[in-house]
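The values are calculated or read from the model by the stated rules, or taken from the named source; none is laboratory data. Fair warning: this is a prediction, and the values are worked out from it, not measured in the lab. FYI the Cβ positions are ideal-geometry reconstructions off the backbone, even for glycines, and counts take in every protein chain you see. To get the accessible areas, we keep the full protein, side chains included, count just its heavy atoms, and leave off ligands, DNA and RNA. Shrake-Rupley method; radii C 1.70, N 1.55, O 1.52, S 1.80 Å.
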Amino acid sequence: MAWALKLPLTDEVIESGLAQDFDASLSGIGQELGAGAYSMSDVLALPIFKQEESNLPPESENKILPFQYVLCAPTSPAIKLHDETLTYLNQGQSYEIRMLDNRKIGELPEITGKMVKSIIRVVFHDRRLQYTEHQQLEGWRWNRPGDRILDLDIPMSVGIIDPRANPTQLNTVEFLWDPSKRTSVFIQVHCISTEFTMRKHGGEKGVPFRIQIDTFKENENEEYTEHLHSASCQVKVFKPKGADRKQKTDREKMEKRAPQEKEKYQPSYETTILTECSPWPEVTYVNNSPSPGFNSTHNSFPVAEGNGSPNHQPEPVVQVADNLLPTTTPQDAQQWLHRNRFSPFSRLFTNFSGADLLKLTREDVIQICGPADGIRLFNALKGRVVRPRLTIYVCQESQPVREHQPKHENGDAAANTFFVYHAIYLEELTAVELTEKLAQLFNISPRQIHQIFKQGPTGIHVLVSDEMIQNFQDEVCFVLDTMKDDTSDGYHIILK
């Protein structure tokens with residue numbers, strides 16, 4: 001009984017002690033706030049924040065990126081927290097990417113008032129497909145002749161200079177821009193994610209792609225090779241209007257989830273910010289043929305494997321789109337419009353067959369599509385081909401054929417030696433373009449070709465310049481000879 005009477009007393013003591021401790025803690029907090037000692041650095045020093053910071057790379061700590069790229073397309077709402085955002089795109093639709101200068105005052109002064117070069121790529125997100133990217137892209141090229149995976153919508157773009165699309169790199173475009181001026185580039189992706197799935201039974205999930213932008217500044221030789229910044233985002237590409245339907249489906253699914261479940265997912269943002277990443281590795285030029293010999297002064301470049309006959313000539317710069325036939329059905333006519341980058345007008349021509357489209361006059365097409373796209377559509381309907389400004393034919397002496405030819409009585413087999421020529425199509429008529437085309441033919445890097453000479457009177461070597469190329473006769477023929485550069489691993493090419 002005595003023990004029971006003392007119990008309330010013990011509770012009072014405990015409650016009194018707790019109250020004193022609580023008052024002391026409150027008074028301490030008040031003193032710190034009153035003294036102005038509160039700062040975010042003290043909060044960030046807590047163990048929980050230190051643990052999160054340890055997962056970040058040290059280089060990104062308090063780092064402000066020089067540029068920011070914003071893709072004007074909404075992110076999916078069905079992505080969990082801490083996962084990378086995913087953005088849905090429509091095939092062939094133009095999407096804006098805003099190129100923003102994010103530098104502090106005085107940062108990177110060497111590019112102030114100068115151009116930088118940005119390269120945009122559409123690449124695979126899955127590591128498995130990255131290993132076989134070359135084979136995947138070659139298969140796509142075979143199934144879609146004349147099409148590109150990535151295109152620039154130049155009329156819509158603002159502030160870009162010298163846009164280029166290499167015909168051999170279907171998934172890459174590049175351009176120059178001034179960071180101090182407003183710059184927006186509009187891109188179109190023409191492949192869809194389900195084109196690279198393993199099984200084609202319908203309803204399969206498409207593979208994700210990455211849109212990556214690498215930006216470079218000029219080096220001492222005025223070449224854009226010094227890396228400044230890289231960023232990328234994850235996307236999936238659907239057939240026209242498919243991205244809108246997928247976005248709507250994801251939004252409806254999220255609305256049906258319980259509030260506790262919704263908290264596990266990211267909200268959908270109106271735009272997609274590309275996040276910093278490692279620069280895309282430079283193209284590795286793989287040569288399956290034996291490398292040039294270094295024993296003698298004059299050598300012979302091995303032509304890329306598969307180019308040994310006239311049936312395997314390099315593709316011209318301007319590739320011919322497939323022609324529309326009068327017998328084409330309305331469904332096939334829709335596919336033809338998408339393949340030839342006329343997706344915005346596909347709804348206008350929903351019930352048009354091939355014969356209906358071919359009956360349209362130039363005035364009809366311009367009135368329907370506008371002057372620019374109308375003229376382009378009319379030329380595509382009529383199958384008009386834009387000829388290159390200059391065509392030259394080059395060859396090397398065919399060593400295997402010459403060795404197997406029967407010799408004459410005097411032991412000379414030269415009379416039986418024949419040459420295999422390759423066509424090179426030039427548009428810019430510059431020495432740089434010729435160097436790139438020859439490097440592409442030989443399957444080597446353009447940097448390995450130091451200089452190009454033309455053999456002149458009495459065997460002299462005349463340096464090939466832009467002006468000389470502009471004075472070449474169309475369809476002129478040259479026999480190529482190569483000369484090893486003694487000071488490096490490069491070569492000089494002689495046009496004979």
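At the listed q of 0.09, 0.23 Å⁻¹, the Debye profile of the range 152-265, built from one uniform point per Cα, gives log10 I(q)/I(0) equal to -0.41, -1.38.
When Arg128, Arg148 are compared by accessible area at a 1.4 angstrom probe, the order from most to least is Arg128, Arg148.
For the peptides 101-112, 473-484, the ranking by packing is 473-484, 101-112, with the highest mean count of neighbouring Cβ atoms within 10 Å listed first. Give the Debye-formula value of log10 I(q)/I(0) at each listed q (0.10, 0.11 Å⁻¹), with one equal scatterer per alpha carbon of the range 67-276, two decimals each. Here log10 of I(q) over I(0) equals -0.48, -0.58. Built from the Cα atoms of the range 107-212, the convex hull projects on average onto 8.7 nm², one quarter of its surface area. Electrostatic tally near Pro326: other residues with Cβ closer than 10 Å to its Cβ, Lys and Arg +1, Asp and Glu -1, net 0. The apolar share of the surface of the range 330-382, taken as the fraction of accessible area on carbon and sulfur atoms (1.4 Å probe, ligands and nucleic acids excluded), comes to 52 percent. Note on Arg121: accessible area approximately 30 square angstrom, rounded to 10, probe 1.4 Å, nucleic acids and ligands left out. Listed by chain and number, the lysines whose C-alpha is less than 19 Å from the C-alpha of Lys104, apart from same-chain residues fewer than 8 away, are Lys63, Lys114, Lys181, Lys217. For the range 114-129, backbone phi angles converted through the Karplus equation (6.51, -1.76, 1.60; θ = phi - 60°) give residue-by-residue couplings of 10, 7, 10, 10, 10, 10, 9, 10, 10, 10, 7, 7, 6, 4, 4, 6 Hz, Gly and Pro being listed as x.
Going by accessible area, probe 1.4 Å, with all protein chains left in place, what is the ranking of Glu133, Glu220, Glu363, largest first?
If we order Glu133, Glu220, Glu363 from most to least accessible, we get Glu220, Glu363, Glu133.
Taking all protein chains as they are arranged and a probe of 1.4 Å, the heavy atoms of Lys114 leave approximately 110 Å² accessible to solvent. Multiplying the residue separation of Ser180 and Lys256 by 0.36 nm and removing their Cα-Cα distance gives an extension gain of 22.8 nm. Extension gain, Asp153 to Glu84: 0.36 nm times the residue separation minus the Cα-Cα distance gives 22.1 nm. Accessible surface comparison of Thr75, Thr132, probe 1.4 Å, protein chains only, largest first: the order is Thr132, Thr75. Across the alpha-carbon atoms of the range 330-382, the computed radius of gyration and Dmax are 9.7, 26 angstrom. Calculated accessible area for the range 431-474 comes out at 56 Å² per residue, all protein chains present (probe 1.4 Å; ligands, DNA, RNA ignored).
At a 1.4 Å probe radius, carbon and sulfur cover how many percent of the accessible area of the range 67-276? So the carbon and sulfur contribution to the accessible surface is 50 percent. Taking amide H as placed 1.01 Å from N in the peptide plane, the amide H of Asp153 sits under 5 Å from that of Phe186, Ile187, Gln188, each at least 5 places away or on another chain. 3J(HN,Hα) along the range 237-254, derived from phi through the Karplus expression 6.51 cos²θ - 1.76 cosθ + 1.60 where θ = phi - 60°, amounts to 10, 10, 4, x, 6, x, 5, 5, 5, 5, 4, 5, 4, 4, 5, 5, 5, 5 Hz, with x in place of Gly and Pro.
Which value, in Å to one decimal place, does the Kirkwood hydrodynamic radius take for the range 440-483 when every pair of different Cα atoms is included? Every distinct Cα pair counted, the radius reaches 12.2 Å. 3J(HN,Hα) along the range 138-146: 5, x, 5, 4, 5, 7, 10, x, x Hz, from the Karplus curve 6.51 cos²θ - 1.76 cosθ + 1.60 with θ = phi - 60°, whole Hz, x for Gly and Pro. With a simple spin-label model that places each label point 7 Å from the Cα along the Cα-to-Cβ direction, the separation between Phe419 and Lys248 comes to 6.3 nm.
Label separation (Arg98 vs His338): 3.1 nm, computed from points 7 Å beyond Cα along the C-beta direction. Here's how it looks for Ile449: its modeled amide H is under 5 Å from those of Tyr491, which are all 5 or more places away or on a different chain.
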